[in-house]
Amino acid sequence: MATEPDPRSPAVSVADLRVIRGGTVVLPDLSLKVDRGEVVGLLGPSGSGKTTLMRSIVGVQQVAAGTLTVLGLPAGDRDVRSRVGYVTQAASVYNDLTVIENLQYFGALHRAPPDEINRAIDAVDLGEFAGRVVGSLSGGQRGRVSLAAALVGKPNLLVLDEPTVGLDPVLRRDLWATFRSLASDGVTLIVSSHVMDEADECDSIILLRDGKMIARDTPQGLRDSTGTTDLEDAFLRLIEREGDLT
Amino acid sequence: MSAHATLATARRVLRQLLRDRRTVGLIVVVPSFLLVILNFAFDSQPSTFDRIAPTMVGLIPFITMFIVTSIAMLRERTSGTLERLMSMSVAKLDLMAGYAIAFGAAAAAEVVVAAVVVFGILDTPADHSVAAIVAVGVLSAVLGMVMGLFVSAFATTEFQAVQFMPAFVLPQLLICGLFVDRSRMAGWLEGIAWAMPLTYVYDALDRLTSPGSIGGLFWLDLGVIAGAALVSLALGAVTLRRRTP
């Protein structure tokens with residue numbers, strides 16, 4: 001295990017983050033904290049900056065200003081990269097290799113023991129497809145291979161960009177059970193989603209809009225503060241409120 | 001750098017290549033096929049074929065590996081796998097060395113088959129060691145590979161990457177001395193030829209296929225080729241960016 005400066009430091013700490021992509025200010029000035037072992041839902045309409053924030057946290061995004069600390073180290077630091085798993089929205093695995101060959105490669109780069117590969121395959125329920133070439137799988141299955149490729153590294157922080165898109169409700173429920181069991185082992189998860197009912201699975205929610213954080217609360221807290229019973233309504237209420245202010 | 005990550009990458013790239021049987025077949029068979037055609041094209045001038053063919057054995061892998069690598073690297077960039085690798089703690093050099101080993105092996109197979117066809121079946125005389133020609137062929141393949149890796153950064157589609165072959169490789173091939181003696185070119189063009197890496201590959205092969213002693217300049221050629229490969233490798237490493245805009 002790499003050096004751990006302070007195991008109690010927040011999993012992610014973002015201060016005054018400013019990101020400009022293609023001449024557009026995507027994140028003007030963002031600050032937030034994520035605690036260890038927390039499951040955080042990152043919600044917001046498309047174009048609100050969710051992916052940019054996730055890319056910044058895993059250290060593949062050029063940032064204009066601000067400080068990002070991940071697991072006590074600067075984001076993207078060599079020692080922290082091996083402890084962060086990042087799953088992009090589009091499956092980023094090799095389509096011309098089988099499921100198991102993909103995991104063997106990413107596992108080898110993480111120096112993961114062979115049984116870790118089987119564990120990862122089981123976690124995403126792809127056992128019967130292990131020998132299939134990824135390109136012949138469905139979009140949802142490819143996404144799960146991509147997730148498994150991040151799990152083989154046994155990351156302390158998992159950053160997942162829309163991991164449940166295109167999955168049927170049963171699989172979605174199973175994946176969330178996997179996320180919860182990872183969290184109970186102390187893994188911190190940041191999960192972006194479009195599906196509002198998934199927000200209830202999270203310990204806490206970050207609502208982004210136009211690169212600004214307009215809410216950061218527990219699902220119940222959001223309902224209470226907006227006087228709604230449904231999270232979808234809560235979001236609409238918050239967005240309207242935001243609109244009134246500007 | 002870690003040997004572990006390098007070998008894992010080499011194994012992965014080879015697996016991808018081997019899964020694509022048609023590409024493997026094309027890599028191994030096409031150069032030999034072209035050389036056989038060339039042999040019959042020079043039916044009435046066998047001495048010309050005998051002069052050209054051995055150099056072609058070493059030059060063709062440069063072209064093949066340039067194309068294969070630029071497409072493979074472009075795929076790695078566009079499929080998001082490069083971003084995944086860059087978010088992990090893999091060293092860029094491990095990645096490139098892994099590619100070099102895998103494609104170097106493919107190039108070696110290509111050169112060996114072409115050498116068997118030219119020197120074995122077509123019975124072209126070799127003035128010096130055939131093994132040395134094969135070795136220079138593999139070196140030229142590695143040079144083509146790292147140059148392909150570098151230019152792939154400037155392509156955003158596979159169409160563009162394919163067009164880089166005529167744009168970057170063909171001019172070098174035309175002026176390296178294979179078709180026209182460099183001393184008979186326009187002065188400025190000859191000057192440019194001296195600055196092109198493929199010129200030194202041609203010279204090294206030409207020395208190996210000419211009668212008489214090889215001479216110390218052969219080693220200088222090899223040094224220039226290795227230097228050009230290292231510069232391309234460094235430039236290629238710069239294009240593999242951890243952080244992108």
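The values are calculated or read from the model by the stated rules, or taken from the named source; none is laboratory data. Quantities reported herein were computed from a predicted structural model and do not represent experimental measurements. Glycine gets a Cβ as well: all are built from the backbone with ideal geometry, and neighbour counts include every protein chain shown. For the accessible areas, the whole protein counts, side chains as well, though only heavy atoms, and no ligand, DNA or RNA atoms are used. Shrake-Rupley method; radii C 1.70, N 1.55, O 1.52, S 1.80 Å.
Before moving on, here are some points about what is shown:
- Accessible area buried between chains B and A, both sides summed, probe 1.4 Å, in Å² to nearest 100: 2900 Å²
- For chain B, the longest principal axis of the Cα atoms and the long axis of helix B:130-151 meet at an angle of about 40 degrees.
- Computed label-point distance, nm, for sites A:Ala90 and A:Asp168 using a 7 Å Cα→Cβ extension: 2.7 nm
- Summary value for the range B:3-239: 28 percent relative contact order, contacts being C-alpha pairs under 8 angstrom separated by 6+ residues.
- A:Ala64 versus B:Ala41: modelled label distance in nm, points set 7 Å from Cα along the beta carbon direction: 5.6 nm
- Partner shielding of A:56-68 amounts to 2, given as the average count of beta-carbon atoms from other chains within 10 Å of each residue beta-carbon.
- Computed in the context of the full set of protein chains, the accessible area of chain A at 1.4 Å probe radius has 49% of its extent on carbon or sulfur.
- Average accessible area per residue (Å²) across the range B:3-239 - probe 1.4 Å, nucleic acids and ligands excluded: 44 Å²
- Candidate lysines - alpha carbon under 25 Å from A:Lys212, same-chain residues fewer than 8 apart omitted: A:Lys33, A:Lys50
- Helix B:46-78 axis versus longest C-alpha principal axis of chain B: approximately 10°, rounded to the nearest ten.
- Cα-Cα P(r), the protein assembly as shown, percent of pairs per 10 Å interval: 4, 18, 24, 20, 14, 11, 7, 3, 1, 0
- Tail weight of P(r) past 24 Å, computed on alpha-carbon pairs of chain B, percent: 46 percent
- Cα-based helix-to-principal-axis angle, B:217-239 vs chain B, degrees rounded to 10: 20 degrees
- Separation in nanometres of the label points that stand 7 Å from Cα toward Cβ, at A:Arg132 and B:Ile121: 4.1 nm
- Measuring nothing but protein heavy atoms, the accessible surface of the range B:3-239 at 1.4 Å probe radius is 70 percent carbon and sulfur.
- Relative contact order for chain A: 24 percent, from Cα pairs under 8 Å spaced at least 6 residues apart, divided by residue count.
- The alpha-carbon positions of the range B:66-196 define a convex hull whose volume is 138 Å³ per residue.
- Positions from the range B:9-29 whose accessible area shrinks by 30 Å² or more when the full protein complex is built, not the chain alone, probe 1.4 Å: B:Arg12, B:Arg15, B:Gln16, B:Arg19
- Paramagnetic label zone (point 7 Å from Cα along Cα-to-C-beta, A:Ser9; backbone N under 18 Å) in the range A:43-75: A:56-60, A:66-75
- Using a probe of 1.4 angstrom and keeping all protein chains present, the accessible surface of the range A:163-203 works out to 45 square angstrom per residue.
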